[in-house]
Number of protein chains: 4
Amino acid sequence: MMRGISRFRIMLSCPDRRGIVAEVSQAIAAQGGTVVTAAQFTDPASHQFFMRYEVEEDGVELTEEGLRKGLESGLAQLLDGPNTELTVKQDVQRPRVALLASKASHCLVDVLQRWRTRELPCDIVCVIANHAHMEEYAGWFKVPFHHVDFTGDKAAAFAQVDKLLDDYTVDLTVLARFMQVFPDSISAKRAGAMINIHHSFLPSFAGARPYDQAHARGVKLVGATCHYVTADLDEGPIIDQEVVRISHRDTPADLRRKGRICEREALARGLRLHLEDRVFVYGNRTVIFD
Amino acid sequence: MMRGISRFRIMLSCPDRRGIVAEVSQAIAAQGGTVVTAAQFTDPASHQFFMRYEVEEDGVELTEEGLRKGLESGLAQLLDGPNTELTVKQDVQRPRVALLASKASHCLVDVLQRWRTRELPCDIVCVIANHAHMEEYAGWFKVPFHHVDFTGDKAAAFAQVDKLLDDYTVDLTVLARFMQVFPDSISAKRAGAMINIHHSFLPSFAGARPYDQAHARGVKLVGATCHYVTADLDEGPIIDQEVVRISHRDTPADLRRKGRICEREALARGLRLHLEDRVFVYGNRTVIFD
Amino acid sequence: MMRGISRFRIMLSCPDRRGIVAEVSQAIAAQGGTVVTAAQFTDPASHQFFMRYEVEEDGVELTEEGLRKGLESGLAQLLDGPNTELTVKQDVQRPRVALLASKASHCLVDVLQRWRTRELPCDIVCVIANHAHMEEYAGWFKVPFHHVDFTGDKAAAFAQVDKLLDDYTVDLTVLARFMQVFPDSISAKRAGAMINIHHSFLPSFAGARPYDQAHARGVKLVGATCHYVTADLDEGPIIDQEVVRISHRDTPADLRRKGRICEREALARGLRLHLEDRVFVYGNRTVIFD
Amino acid sequence: MMRGISRFRIMLSCPDRRGIVAEVSQAIAAQGGTVVTAAQFTDPASHQFFMRYEVEEDGVELTEEGLRKGLESGLAQLLDGPNTELTVKQDVQRPRVALLASKASHCLVDVLQRWRTRELPCDIVCVIANHAHMEEYAGWFKVPFHHVDFTGDKAAAFAQVDKLLDDYTVDLTVLARFMQVFPDSISAKRAGAMINIHHSFLPSFAGARPYDQAHARGVKLVGATCHYVTADLDEGPIIDQEVVRISHRDTPADLRRKGRICEREALARGLRLHLEDRVFVYGNRTVIFD
């Protein structure tokens, strides 16, 4: 049987200094890899360097483990510093994703349908919702469903969600209009591995009922923001945003309808960027290699 | 000599009640007018009704004064209530506009050039700036220029600006990136007759240095807001907004450059809407009949 | 039991002449109606006049039939001319809609899900597809499904589709990425009652494989066009269009993925405009009162 | 006196093969350079490889000439093939640009004003127009102006333009709404060094009077296209495009007004991309490293 050419993603973040590109590309070549796509960025304020390479094997067979160890060894001096992180992944890996939802279905169904039609390189392993009627949607896509009741003890409910995420060994949790605020302990535990879609163009209209806030202020565009969840509600690093034009004729209900389009687009784009390892987080900002 | 057909704009705002459209259109017909364009809106929350008609004379010769008096008389009962305002204007009227600027030229030059190429139905009667080098731009367009020094006594400087606006009998004052904050007394005196362009997508990043704020927050779009000036800084009724996509590669200087495009677009569109009497203000919101 | 206030849509298209607005609004008032929203337009080239009113009963009970007859009688002189059409509809009417699809599911599922979540004021009465696997999607939404085989005699297949549309007494046929070209006889029979989504920004890339054409030409934006079906393929009156930015990195498959977003947006917006009777067709152009 | 750090742009285009990145980055390091930004792309169809590096000197002093020779020598084997091109430029170089215009001023004034406010890294060395009144604009910016009469012998007029461009030793010719069609001989001579702004979203509405064509077709968006001039009119490689939404209310004159915004944006963005050496042309397509 034929074996395809393996492709790997190499992500490096470290303080900038002279010669990194030459050093890394030589180490890749020494391991038998050839660079097929490259992107890099240095933040002028913090002088942090970010690099994303896609690498193919060049004649020799490469494994993720082998390539990682080879690079760690070849770049030992570079990697032996503060704020430095190297990640190596074979691109056939499909992250395990859990979707969390409440009442609104538009983001949930959109992500599931994109996944079903192979737009999203991941395995959606479960849907968790605090409203039982979402089970029907999970059923359409034959994804296991869990209803967690948030009407009583919220701490217990969150513990149940957290255990489910652990049991499914999820790599990424997607809050697809999940309307409960995670306790800091879980946000911290899942830092960089939990994505939310907020239904406003942050930082405008953070908090509750953003479309009503937008209507009251009389803005001429509304939007949505896809961001990583952090302890500071609605303050996490932004991955993507989308806006749509509105008018005085639009009621708050119209804003919700028009905003739903932004929500599902910003979420789908942000999710795809994350799944393809195109997002680096630093502080409350992101570097996006799209 | 031939006389063209006169066209008039009729703007009415009043509490909604049954039959207004029939009543107004009959009064217009009784005066010898025919409706050529119509737009109306009732705010569902306040039940305030807004109407904008363009009317042409139908066989008889109409004057602005005659049409206004005729309508005031024919609609006396309708107009005799609270929160009611009727405006009648012949559309050949060209509002007298003053442009105020500081250091940045992009909005000033854009408005002047659109005016010169007959995109904007107004007379630009003067340019006032707190930086003397703006005189060159006013000179290109042969518009009188006044330098007002704001480095010393600001109250005196504002009094000087206010007097200039009075002396020029301006109908509209346009703050084309004028970076001084008007005292409440002048804002109140010129309510609905002073337009500002704010260099952020309000309500995000109100206040000073919005592009630096936007960069620090890591948003993925920046924008600009054209609004009426009120005593509450950056809280006035919004006429138009515009946004542009940015990336992590963009420095605060890049945001300023990209944002300038939004600023001049939002200002030009907002100004045009105002000059064509397409904007109604109610509370801190606007109805726009575009 | 309480009875709500009835609301009606009045659509009028006729050659422009003086006084139409006054005449119509008086006729509406005479029937016991009051105008709640109004929009009108006169095409400067053809002098055709278009008007859309939403009218509520004012004290007396109105029926669609009664209002229509009253207006036809009151406006007899106006209506007794060429190129004149008056339509009166109670807005609780829900048009009967058939969805036609082939292989691609994104438009089909999007329309069905918007309908399920009550975004679209219609009854979707059946799904017809030339690919049998679309049955699963119809099943999710509990909509009757019909597979029509187009691999053999296409004329017979189209006759079968046409009979299904007749049997279901559909008001509107939506081609949700249905990839068979209707014969002229059916297009003509269903003129103004059949909407297509074309996967390019028409008139660019009409015909087959538009995303491959777009890629070959190297454009920097791709789009989609929602239009009425006419005998001239891809030449029908355009209701709405949408575009998205692309780059040299995007393969034809990426264009298809990005374009799908445009397709479903343009289709959903166009469909909604049609269902709310906001679209007038004249020649190969449309007037849209949104 | 202090000497700043020199920065160079290295652009390479060649048939793809294994190891290019490592080879080039080693050659750069060997010359005493360090890579500060990198972008690359391989066209999957033609397997052509494109790379753009920004390089700074790393300890030793670099000159453009020295770096070029060093790389040509170090990469001799790589460069000794078909379809291969290496360019090395110090980024302080400011290309010499000529602007050509006809009657419309919006693109001309916008480019000049962006240049004056230091948005565009070039020297604008002359304005050439076939309408004499454009001299006033050139005068504002103190740029030499040449009126070339096209009402008589067009071939002679083009020869005069060509000679002016030669005399000014221009690196780039920008057709800022210049409405004369260049003969093939000049297009060929200046291939890749002549940019045009076309006032439609190509390939829609190529040829004359695109806004009238767009109005006649009833499209819902109009646009503009910035492209390199080639012998095939309106068929050159596209650098950037922009669109704006329109409605049935917009006359052809309104389309021209709204389109002007697209024209100046697409031109300014395309021009900037070219000046920063971010555009590679292959066939009738472009790779843009923005």
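The values are calculated or read from the model by the stated rules, or taken from the named source; none is laboratory data. Just so we're clear, the structure is a prediction, and the values are computed from it rather than from any experiment. All Cβ positions, glycine included, derive from the backbone under ideal geometry; neighbour counts span all protein chains shown.
Could you say which residue among B:T151, B:T169, B:T225 is under 21 Å from B:Q113 (Cα atoms) and of a type in the set (S, T, Y)?
B:T225 is the lone residue from the list that is under 21 Å from B:Q113 (Cα atoms) and of a type in the set (S, T, Y).
Please specify each residue of region D:145-168 satisfying the condition of being more than 15 Å from D:I128 (Cβ to Cβ) and touching a Lys or Arg at 6+ places or on another chain (Cβ under 8 Å).
Selection gives nothing.
Residues that are outside any strand (DSSP E or B), closer than 26 Å to B:R52 by Cα and without any contact (Cβ under 8 Å) to a residue 60 or more places away in the chain: does region C:75-92 have at least one?
Yes, the conditions are met somewhere in region C:75-92.
Which one is nearest to the other protein chains (Cβ to nearest Cβ), of the residues in region A:236-260 that are over 16 Å from A:L271 (Cβ atoms) and assigned to a loop (DSSP other than H, G, I, E, B)?
Once the filter is applied, the top-ranked residue is A:H248.
Anything in region C:226-239 that is over 14 Å from C:F178 (Cα atoms) and not acidic (D, E)? List them, or say none.
Within region C:226-239, C:T230, C:A231, C:G236, C:P237, C:I238, C:I239 qualify.
Within region C:1-15, is there a residue that is over 30 Å from B:D290 (Cβ atoms), away from chain B (no Cβ under 11 Å) and under 25 Å from the mean Cα position of the chain (by Cα)?
Looking for residues that are over 30 Å from B:D290 (Cβ atoms), away from chain B (no Cβ under 11 Å) and under 25 Å from the mean Cα position of the chain (by Cα), one finds at least one in region C:1-15, hence yes.
If C:H47 satisfies all but one of (1) at pLDDT 90 or above; (2) within 11 Å of chain B (Cβ to nearest Cβ), what's the number of the condition it fails?
Condition not satisfied by C:H47: (2).
Select from region D:57-104 the residues that are of a type outside the set (G, A, S), over 30 Å from D:R264 (Cβ atoms) and buried (at least 16 other Cβ atoms within 10 Å of the Cβ) and list them in ascending order.
The answer is D:E57, D:D58, D:L62, D:E64, D:L67, D:R68, D:L71, D:L75, D:L78, D:L86, D:V88.
Assess whether B:V219 counts as being over 30 Å from B:D171 (Cβ atoms) and not acidic (D, E).
yes
Take the conditions outside the structural domain of A:H198 (by TED's automatic domain parsing), more than 18 Å from the chain's Cα centre (by Cα) and at pLDDT 95 or above and apply them to A:T63. Does it pass?
Against the criterion (outside the structural domain of A:H198 (by TED's automatic domain parsing), more than 18 Å from the chain's Cα centre (by Cα) and at pLDDT 95 or above), A:T63 does not qualify.
When both residues are 6+ apart or on different chains and their Cβ atoms are under 9 Å apart, which pairs have a first residue that lies in region B:264-290 and is closer than 25 Å to B:F49 by Cβ and away from every other protein chain (no Cβ under 11 Å), and a second that is surrounded by fewer than 24 Cβ atoms within 10 Å (Cβ to Cβ) and among the hydroxyl-bearing types (S, T, Y)?
B:H274/B:Y228; B:D277/B:T87
Could you please give the count of residues in region D:201-215 that are under 20 Å from C:C226 (Cβ atoms) and at the interface with chain C (Cβ under 8 Å from one of its Cβ atoms)?
So the count comes out to 3.
Mind checking which residues of region D:261-288 are closer than 19 Å to D:P95 by Cα and not in a strand (DSSP E or B)?
Listed by number, the residues that qualify are D:L267, D:A268, D:R269, D:G270, D:L271, D:R272, D:L273, D:H274, D:L275, D:E276, D:D277, D:R278.
Can you confirm whether D:F158 is touching a Pro at 6+ places or on another chain (Cβ under 7 Å), over 28 Å from B:E136 (Cβ atoms) and touching a residue at least 24 places away in the same chain (Cβ under 8 Å)?
So D:F158 passes the test.
Restrict the check to region C:76-88 and report whether at least one residue is under 30 Å from B:P15 (Cβ atoms) and out of contact with any Ser or Thr (no Cβ under 6 Å at 6 or more places or on another chain).
The answer is yes, given that some residue of region C:76-88 is under 30 Å from B:P15 (Cβ atoms) and out of contact with any Ser or Thr (no Cβ under 6 Å at 6 or more places or on another chain).
Assuming B:A188 fulfils every condition listed in (1) assigned to a helix (DSSP H, G or I); (2) at pLDDT 95 or above; (3) of a type outside the set (D, E, K, R) apart from one, which condition is it?
(2)
Sort out which residues of region B:182-211 are surrounded by fewer than 22 Cβ atoms within 10 Å (Cβ to Cβ) and under 18 Å from the mean Cα position of the chain (by Cα), and write them in order of number.
Matches in region B:182-211: B:I186, B:S187, B:A188, B:K189, B:R190, B:A191, B:G192, B:A193.
Could you pull out the residue among D:D250, D:D240, D:D171 that is in contact with a Lys or Arg (Cβ under 8 Å, 6 or more places away or on another chain) and in contact (Cβ under 8 Å) with a residue 60 or more places away in the chain?
Only one candidate qualifies: D:D171.
Kindly check whether there is at least one residue in region D:1-10 that is at pLDDT 90 or above, under 20 Å from A:G33 (Cβ atoms) and surrounded by 17 or more Cβ atoms within 10 Å (Cβ to Cβ).
no
Considering only residues that are under 16 Å from C:R17 (Cβ atoms) and in a strand (DSSP E or B), which ones fall in region B:54-72?
B:V55, B:E56, B:E57
Across region C:212-235, what is the number of residues that are in contact with a Leu (Cβ under 9 Å, 6 or more places away or on another chain) and either surrounded by fewer than 22 Cβ atoms within 10 Å (Cβ to Cβ) or not in a strand (DSSP E or B) (or both)?
8
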